[in-house]
1. Springs between alpha-carbon pairs under 10 angstrom, Gaussian network model over the chain: which of Val57, Val169, Val24 fluctuates most?
2. Loop-only check: which chymotrypsin sites (Phe, Trp or Tyr not before Pro) in the stretch 25-127 are DSSP coil with at most 14 other Cβ within 10 angstrom?
3. Would you mind calculating the relative contact order of the stretch 34-166 from Cα pairs under 8 angstrom and at least 6 residues apart, reporting the percent as a whole number?
4. For the chain, what does -39500 (n - 2.57) per DSSP helix run (n ≥ 4), summed and divided by total residues, give at 222 nm, in deg cm²/dmol to the nearest 500?
5. Looking at the chain, what % of its DSSP beta bridges pair antiparallel, to the nearest 5?
6. Starting from the exponent 0.38 and prefactor 2.2 Å, build the expected Rg for the chain from its residue count and divide its actual Cα Rg by it.
7. Convert each backbone phi in the stretch 48-65 into a coupling constant with the Karplus relation 6.51 cos²θ - 1.76 cosθ + 1.60 (shift: θ = phi - 60°), then list the ³J(HN,Hα) values in order as whole Hz, x for Gly and Pro.
8. Do the alpha carbons of any pairs in Lys139/Lys232; Lys18/Lys139; Lys18/Lys83; Lys137/Lys170 sit beyond 32 Å of each other, and which pairs?
Amino acid sequence: MFKLKQLFSRQKKTYANKPDLAGVPYHVAVIMDGNGRWAKKRGLPRIAGHRAGMESVKEITTAADDIGVQILTLYAFSTENWKRPEQEVDFLMRLPQEFLLLELETLMKNNVRIRILGDLDALPSHTQTSINAACEKTKNNTGMVLNIALNYGSRTEILDAIRSIAKDVKAGLLDPESIDESAINSRLMTQGIPDPDLLIRTSGELRLSNFLLWQCAYTELWFTDIFWPDFKREHFYEAIRAYQKRGRRFGGLK
Ligand code: V0D
């Protein structure tokens, strides 16, 4: 009831080109690319781009929630990103705290649950502490799930699943003949989360870059040249409307 009222009052606001609320994708994944290039274009340090990108995270989280997206998965930091200059990595590792300090109350008010995909153990302890606290605080929220992929890599995720299956086979717990998709699904970090319906990548690159490779088998892809810090509600809704116009086929006859 509370949630409904909240949704209604927020939806009274009319946004240009708001998508039809029927047929909104259940799960949207986003590769938030172009923060560095956004900064460079303005003669700013890369970290200024990352901070500006955080504003887009806030806006897109609200925009997704407003139209009834159930799961929003954002690629915030890949296992490859450790190769960046140390001071840039240090800055990035402070962003979760900064984001949560500013936004956790709003997320609570909007009934959003935060989940993390990726290996948190490798992160600085201050980063782990604030993220764990946020996951704990929001774990009983029943609204949209905000999945943050952080220190995530899809091949490692699949390798870990294969290793786990191999161990179970060796221990006699699993018959090789009975290994099916659910044996893999249940060993991925996304276990229990339906596959993305739509994947958005900003900033002009047309690749998956080791993001949700198994999970995106049937996902609709949408690319834009817009840099992530410039990606706002109107652009998000443009992607949703493009998705709604496509007929989804799943390889069979429609
Ligand atoms: C930088 C653009 C929010 C992409 C967005 C360390 C790169 C801003 C979070 C966040 C990042 C993380 C955990 C959480 C809540 C929010 C974040 C990173 C980078 C990786 F529980 N923005 N953000 N995390 N950037």
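Every number in this text was worked out from the coordinates using simple rules, so none of it is lab data. Being a predicted model, the structure only gives us computed values, none of them experimental. With ideal geometry, Cβ positions are generated from the backbone for all residues, glycine too; neighbour counts draw on all protein chains shown.
1. Val169
2. Passing both the DSSP loop test and the Cβ count: Tyr26.
3. That works out to 30 percent.
4. -14000 deg cm²/dmol
5. Roughly 0 percent of the DSSP beta bridges within the chain come out antiparallel.
6. 1.04
7. After applying 6.51 cos²θ - 1.76 cosθ + 1.60, I find 5, x, 5, 5, 4, x, 5, 4, 5, 4, 4, 5, 6, 4, 5, 4, 5, 4 Hz.
8. Distance filter (> 32 Å) returns Lys18/Lys83; Lys137/Lys170.
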